[in-house]
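Below is one structure; the comments refer to it alone.
Any read-out appearing in this document is the output of simple, stated calculations on the displayed coordinates, not a laboratory observation. All values derive from a computational prediction rather than experimental measurement. Here the Cβ positions follow ideal geometry from the backbone for every residue, glycine too, while neighbour counts run over all protein chains shown.
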Amino acid sequence: MRIDIISIFPEYFAPLDVSLIGKARERGILDISLHQLRDWTHDVHRTVDDSPYGGGPGMVMKPEPWGEAIDAVTAAGAGEPRLVVPTPSGRPFTQELAMEYAAEPWLAFACGRYEGIDARVIDEYRGRMRVDEVGIGDYVLAGGEVAVLVMVEAVGRLLPGVLGNELSATDDSFAPGTMRNLLEGPVYTKPPEWRGRRVPEILLSGHHGKIARWRRDEALRRTLSNRPELAAGLDDESLDKRDREVLSERGADA
Ligand code: 6SD
């Protein structure tokens, strides 16, 4: 997969040299290019921002550098990328969208700063390629860079050959922790007792059926406690009698 990232802070993306994503790049599974937006300015100050029309606080990113940058980056390649623009007012980035992105051959990310990018830039490229305005959560960041780090990691780990999921990573019926249904329960490793705290005995029992049932109980409890709206959305079809008991323990109407 090819990924282009345009930002006034390309140094923000140093983490992409490390760990899982760094390895995927070394192995040629991911081809990530960083671009300095200011390279497409023409004044001595390399200006990318100006005051907002209509007044108000802060500054807005000028359309001209963005137009030149996106034209240049997208000219160098076959077809057009899917253009992703992080913004708190975008559609939510979910595991489902991560899987959709993992199936794309080419993604381009445009990182805003200040109060955002002149809206005409989005309008312009919508006529030419798929453009997604995407938010990663209901809080406000100072710019799009951290959101892009989040998305690249979530997408990168789904690519065939990156984790160990040659087959299953993009198939959410196979991949655990896809968060379409239940949250993952707690996990444990050795030693069996640490600071007086025992690992739940069932996990040491070797009873694989009972262990699977216990894990599902824990997943249901955690979902109900931390994400009640997810628990409420569980369809009756996917719940057995024991599931309903666990959910009713803490007052859910399952
Ligand atoms: C000005 C940005 C771009 C500012 C953002 C995205 C989310 N989910 N929160 N904040 C954001 C993105 C903030 O450029």
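For K210, the lysines whose Cα falls under 17 Å of its own Cα, not counting residues fewer than eight places away in the same chain, are K241. Taking the longest Cα principal axis of the chain as reference, the axis of helix 63-75 is set at about 70 degrees. Only Lys, Arg, Asp and Glu carry charge here, each on its Cβ (+1 for the first two, -1 for the last two); on that basis the range 1-113 has a dipole of about 260 debye about its Cα centre. Normalising the Debye intensity of the range 40-107 to I(0), with uniform scatterers on Cα atoms only, and taking log10 at q = 0.13, 0.20, 0.25, 0.27 Å⁻¹ returns -0.58, -1.00, -1.12, -1.18. Quick one: Debye curve from the alpha-carbon atoms of the chain only, equal weights, vacuum; give me log10 I(q)/I(0) at q = 0.14, 0.15, 0.17 Å⁻¹ to two decimals. Log10 I(q)/I(0), no solvent term: -1.01, -1.09, -1.26. Specify the inter-centroid distance of the range 101-156 and the range 31-78, based on alpha-carbon positions, in whole Å. If we compute the Cα centre of each part, the gap is 14 Å. Taken along the Cα-to-beta-carbon direction at a fixed 7 Å, the label points for S205 and V146 span 4.3 nm. Beta bridges assigned by DSSP with both partners in the chain are antiparallel in approximately 15 percent of cases.
Peptides 183-194, 70-81, 93-104 ranked from most to least packed give 93-104, 70-81, 183-194, packing being the mean of other C-beta atoms within 10 angstrom over each peptide's residues.
When peptides 204-212, 29-37 are ranked by their average number of other Cβ atoms within 10 Å per residue, the highest-first order is 29-37, 204-212. Compared with the dominant principal axis of the Cα atoms in the chain, helix 145-156 is inclined by about 50°.
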